Amino acid sequence: MRVTTNAVPDYDPRWYVNPPPVAVAITRLSPDPAPAGGAVQFQVTFSEPVTGVGPADFALALTGGASATIASVTADATGAVYTATVHGLAGSGKIDGLDLVVLR
């Protein structure tokens, strides 16, 4: 048995490690199918506020020879909810979704 009196217990780093933020939801805000050349928006919700999120952190799930570009990613005031805007839909396929590739 170990008895202490008002002493600080030994430091254990496991008590101070926080899990990294994760994307808890990616929701399509625009109707499906999107019109050719039209904009499509996705809402990305993280488990806590994050910074440094940009278009390179995401990839589009495209089908049928479709092509499009993630034009912008903007945060709301909380820093935990982002809107990704996709432009330039072309080809005969469609946008199936948005995937998180990297979270810094």
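If you filter segment 27-52 down to residues that are β-branched (Val, Ile, Thr), touching a residue at least 40 places away in the same chain (Cβ under 8 Å) and within 14 Å of Leu98 (Cα to Cα), you find that the one that is surrounded by the most Cβ atoms within 10 Å (Cβ to Cβ) is Val40.
Within segment 48-104, considering only strands (runs of 3 or more DSSP E) that don't extend past its boundaries, which have at least 1 residues that are of a type in the set (Gly, Ala, Ser) and at pLDDT 95 or above? Break it down stepwise before answering.
On the way: elements: 58-63, 67-75, 81-90, 94-100.
Ranges flagged: 58-63, 67-75, 81-90.
The values are calculated or read from the model by the stated rules, or taken from the named source; none is laboratory data. These numbers come from a predicted model, not from an experiment. Cβ coordinates were reconstructed from backbone atoms using ideal geometry, including for glycine residues, and neighbour counts include every protein chain displayed.
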